[in-house]
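A quick write-up on the structure given underneath.
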Amino acid sequence: MTIIFKNIKELIQVRNTPISFVSGKEMSILPTIKNAFLLIKDGLIHDFGPMDNCPKDSFSKVVDATGKMILPSWCDSHTHIVYAGNREGEFVDRIKGMSYHEIANNGGGILNSAKKLQATSENDLYEQSKKRLEEVIKLGTGAIEIKSGYGLTVDAELKMLRVIKRLNENYPIEIKATFLGAHAVPSDYKGNKKEYLDLLINKLMPKIANDKLADFIDIFCETGYFSPDDTRLILQAGKKYGLIPKIHVNQFTSIGGVQVGVEYNALSVDHLEEMRKEDIESLKNTKTMPVALPSCSYFLSIPYTPAREMIDSGLPLALATDYNPGSTPSGNMNFVVATACIKMKMTPEEAINAATINGAYAMGLETKVGSITKGKQANLLMTKSINSYGVIPYSFGNPQIDKIYIKGQEII
Ligand code: NIG
Ligand code: FE
């Protein structure tokens with residue numbers, strides 16, 4: 001099966017030589033080919049170049065992309081799309097003046113979602129979650145990471161992870177699973193965090209490793225949730241079971257979580273709304289990808305990750321949605337890219353790099369997706385007729401998507 005796209009106004013994020021990620025000044029370079037062709041064979045990128053070099057052979061399908069641009073699908077490296085029910089009641093409480101923390105301390109927040117999820121059957125959870133997955137695929141996401149963490153019991157955490165596995169089996173996009181049992185201390189363990197951590201380490205992790213239910217290990221390292229010492233404990237145990245760290249840090253307070261992530265070679269450290277100078281310093285010259293979640297900042301009205309300062313000091317940055325029922329009920333990567341430009345002063349080039357190749361790296365998928373490179377999956381986003389790729393973030397709230405292709409197959 002071959003498919004050729006012809007007359008592409010601009011083919012974006014073209015990397016002839018494979019790269020892992022871009023950082024600092026390199027983030028402002030977004031290589032493109034104007035008036036290009038792109039040839040897909042058996043779901044993979046087979047060839048591309050200027051129209052002058054377009055092969056004349058006959059192909060199974062020809063797409064005329066005149067006026068349109070093609071870029072690799074978005075790589076969303078941080079989501080919680082497997083959840084039950086919604087928390088729009090808490091949203092209204094916040095509008096009326098309650099804080100996110102007050103709501104959480106009154107039994108809302110993560111514990112509220114856990115209660116709902118525990119009472120939901122595995123099948124129902126799958127049905128609810130698959131709708132969100134289909135929704136984000138239509139919005140241009142072509143690779144995604146999904147976390148557990150709304151179960152908080154042995155059964156419910158495993159239920160979540162099995163749902164992620166089933167999504168992975170039934171959908172064509174790349175899905176990575178993360179075990180986030182240490183998302184909050186469940187009510188039954190109130191005042192007894194140590195025992196809960198024991199449960200995660202000694203009961204859940206062996207089972208998860210045995211059934212190959214997760215790729216990554218995560219923890220919410222935050223004041224009132226889990227400390228840097230708890231984080232060390234969990235990451236150390238995860239390592240024993242081959243789970244790579246990707247952690248929630250510095251969302252509300254900077255308490256040393258970034259340093260623990262770096263110490264344990266975390267693949268990514270995510271959130272980073274509150275960054276001290278030393279947090280930025282400790283990420284330099286590491287292989288840990290900082291991940292910003294601007295939709296979360298938007299929805300909770302908390303600070304945005306200081307992207308400018310981080311990129312200007314030479315760091316890489318990835319962008320992800322954080323799609324979840326409490327802090328970010330949106331999985332729209334187009335909005336994330338726009339918000340990164342509007343609120344974090346990232347340029348369109350930086351934001352597109354952050355949402356494609358750097359996002360792919362933050363999921364360990366940089367050899368499979370995230371750029372137009374021979375041999376990578378043909379997970380593509382074809383835009384409507386637009387003047388320049390700057391229109392993608394400029395037209396915030398209005399995705400410029402004409403068609404989506406996953407492994408060369410047209411989705412919409
Ligand atoms: O990434 N910060 C921790 N976890 C989620 C939100 C949790 C919730 O409110 O349900 C996040 O923002
Ligand atoms: Fe999150």
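The values are calculated or read from the model by the stated rules, or taken from the named source; none is laboratory data. Since this is a predicted model, take the numbers as computed values, not measurements. Please note: Cβ atoms are built from the backbone with ideal geometry, for glycine as well, and neighbour counts cover all protein chains shown.
Observations on the structure shown:
- Being farther than 21 Å from ASP402 by Cα, within 16 Å of ligand 2 (Cβ to nearest atom) and among the charged types (D, E, K, R) is true of ARG87.
- Among the residues listed as GLY397, GLY314, the single one being touching a Phe, Trp or Tyr at 6+ places or on another chain (Cβ under 7 Å), part of a loop (DSSP other than H, G, I, E, B) and farther than 15 Å from LEU293 by Cα: GLY397
- Flag if GLY261 is modelled with pLDDT of 95 or more and either in a helix (DSSP H, G or I) or in the same structural domain as PHE21 (by TED's automatic domain parsing) (or both): yes
- Look at (1) within 16 Å of ligand 2 (Cβ to nearest atom); (2) in contact with a Phe, Trp or Tyr (Cβ under 9 Å, 6 or more places away or on another chain) and you find that ILE208 fails only one, number (1).
- Complete set of residues in segment 93-116 that are among the polar types (S, T, N, Q) and either touching a Cys at 6+ places or on another chain (Cβ under 8 Å) or surrounded by 19 or more Cβ atoms within 10 Å (Cβ to Cβ) (or both): ASN112, SER113
- Helices (runs of 4 or more DSSP H) fully within segment 321-391 counting 2 or more residues that are among the charged types (D, E, K, R): 348-355
- Any hit, segment 63-72, residues being among the basic types (Lys, Arg), surrounded by 13 or more Cβ atoms within 10 Å (Cβ to Cβ), assigned to a strand (DSSP E or B) and touching a Lys or Arg at 6+ places or on another chain (Cβ under 9 Å): yes
- Screening segment 239-258 for residues that are in a loop (DSSP other than H, G, I, E, B) and under 21 Å from the mean Cα position of the chain (by Cα) and picking the one that is surrounded by the fewest Cβ atoms within 10 Å (Cβ to Cβ) gives GLY242.
- One residue from GLU278, GLU273, GLU169, GLU222 being without any contact (Cβ under 8 Å) to a residue 40 or more places away in the chain, assigned by TED's automatic domain parsing to the domain that holds GLU127, surrounded by fewer than 17 Cβ atoms within 10 Å (Cβ to Cβ) and closer than 25 Å to TYR83 by Cβ: GLU169
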